[in-house]
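The values are calculated or read from the model by the stated rules, or taken from the named source; none is laboratory data. Everything numeric here is computed off the predicted structure, so don't read it as measured data. All Cβ positions, even for glycine, are placed from backbone atoms using ideal geometry, and neighbour counts span all protein chains on display.
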Amino acid sequence: MTSTSRHDFSGRVALVVGASRGIGAGTARAFAAAGASVVITARSADALQDVASGITAAGGEVLAVPGDATRPSDIDEVVRQTLDRFGRLDFAFNNTTDGPMPAPLAEIDIAGFDAGIAGNVRATFLGCRAQIPAIIASGGGAVVNMASIAGLTGAANLAVYTAGKAGIIGLTKVAALDYADVGVRVNVVAPGPILTHHLERAGAYAQELAARSVPMGRLGTVREVADVVLWLCSDESSFVTGAVLPIDGGQSAGHKPPQMYRQGEPMRPPQPTAEHHPGRSTT
């Protein structure tokens, strides 16, 4: 496949865990467009095959291996098939999550908590544990793990999600230190509101509210996350490891009030303008 990306990953192999849709699927497509052979895995075999078919139709090389990232045998099998098929592993993107619906902490049942920790921390640990030795044997490379700004700042009603993403950040930092001197860089991305299938299904009002929380005034796109993941795997980031990269339009930088209060002066609501579309992406 001829590279259509700023990166040239020809001859490299990328594994994307959680690639059946959304950011995982978009990142798998981006790796393929950059010339990498791509291995994708997720629990839904049908959804995974749809992604694989699209990559193949675009001229890419892809191997789809259904599996559950919380099961050691499944993730070990994905890595084994990767090496059997391509003989190497250069990059891995662990894009996993699970957990209960939003609720105050005391209303979350224990099974929901366990599922959230398994789908975030356990799955990321198992991924790194299986992938890193294969990457070392291939001469070095990069692992990128998926967290969220919720793992940096917290989010009301998302106790399990926040704990899981914070755990991923901690694991990533330790892995980066453990393997910094053997050619494996390990970093973590922390997206804010991204327009994936979740927000699409939630509708226009949910998208507008999410965009209002972003200092840049819009939602992020799947491609913007994929671009950061590929950069972290490229030689352009060769001295970057153990980093947490927010992809959030400024959310983690602090609070940007929609209007500033001036001491001693009355405040009036701003007048809406035709040009302002808080829920519309400009990319």
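Scanning region 25-55 for residues that are within 16 Å of residue 85 (Cα to Cα) and of a type outside the set (A, V, I, L, M, F, W, C) yields 37, 41. Residues in region 250-261 that are assigned to a loop (DSSP other than H, G, I, E, B) and modelled with pLDDT of 80 or more were compared, and the one that is nearest to residue 216 (Cα to Cα) is 250.
More than 23 Å from residue 148 (Cβ to Cβ) and touching a Gly at 6+ places or on another chain (Cβ under 9 Å): does that describe residue 190? No; evaluated as a whole, the condition is false for this residue.
Would it be correct to say that residue 91 is of a type in the set (Phe, Trp, Tyr), out of contact with any Gly (no Cβ under 8 Å at 6 or more places or on another chain) and at pLDDT 95 or above? Judged against the criteria, residue 91 is not a match. Look at region 45-74: where a residue is free of Cβ contacts under 8 Å to residues at least 24 places away in the same chain and more than 24 Å from residue 116 (Cα to Cα) and a partner is surrounded by 14 or more Cβ atoms within 10 Å (Cβ to Cβ) and aliphatic (A, V, I, L, M), sitting 6+ places away or on another chain with Cβ atoms under 7 Å, you get 49/64; 52/40; 52/62; 52/64; 56/62.
Check whether at least one residue in region 149-166 is free of Cβ contacts under 8 Å to residues at least 12 places away in the same chain, surrounded by fewer than 24 Cβ atoms within 10 Å (Cβ to Cβ) and either over 21 Å from residue 215 (Cβ atoms) or of a type in the set (Phe, Trp, Tyr) (or both), and report yes or no. No.
Looking at 9, 86, 93, which one is of a type in the set (Phe, Trp, Tyr), in contact with an Asp or Glu (Cβ under 8 Å, 6 or more places away or on another chain) and closer than 21 Å to residue 142 by Cβ?
Numbers: 86 fails: in contact with an Asp or Glu (Cβ under 8 Å, 6 or more places away or on another chain); 93 fails: in contact with an Asp or Glu (Cβ under 8 Å, 6 or more places away or on another chain).
So the residue among 9, 86, 93 that is of a type in the set (Phe, Trp, Tyr), in contact with an Asp or Glu (Cβ under 8 Å, 6 or more places away or on another chain) and closer than 21 Å to residue 142 by Cβ is 9.
Taking residue 242, is it modelled with pLDDT of 95 or more, part of a loop (DSSP other than H, G, I, E, B) and surrounded by 10 or more Cβ atoms within 10 Å (Cβ to Cβ)? Yes. Criterion applied to 64, 34 was being closer than 21 Å to residue 232 by Cα and buried (at least 18 other Cβ atoms within 10 Å of the Cβ), and the one residue passing it is 34. In region 210-221, the residues that are under 12 Å from residue 196 (Cα atoms) and touching a residue at least 40 places away in the same chain (Cβ under 8 Å) form Cβ pairs under 9 Å with partners that are outside any loop (DSSP other than H, G, I, E, B) and not aliphatic (A, V, I, L, M), at six or more places apart or across chains, as follows: 219/207; 220/191; 221/26. Among the residues of region 99-123, just one is buried (at least 21 other Cβ atoms within 10 Å of the Cβ) and either at pLDDT below 95 or in contact with a Phe, Trp or Tyr (Cβ under 6 Å, 6 or more places away or on another chain) (or both), namely 99.
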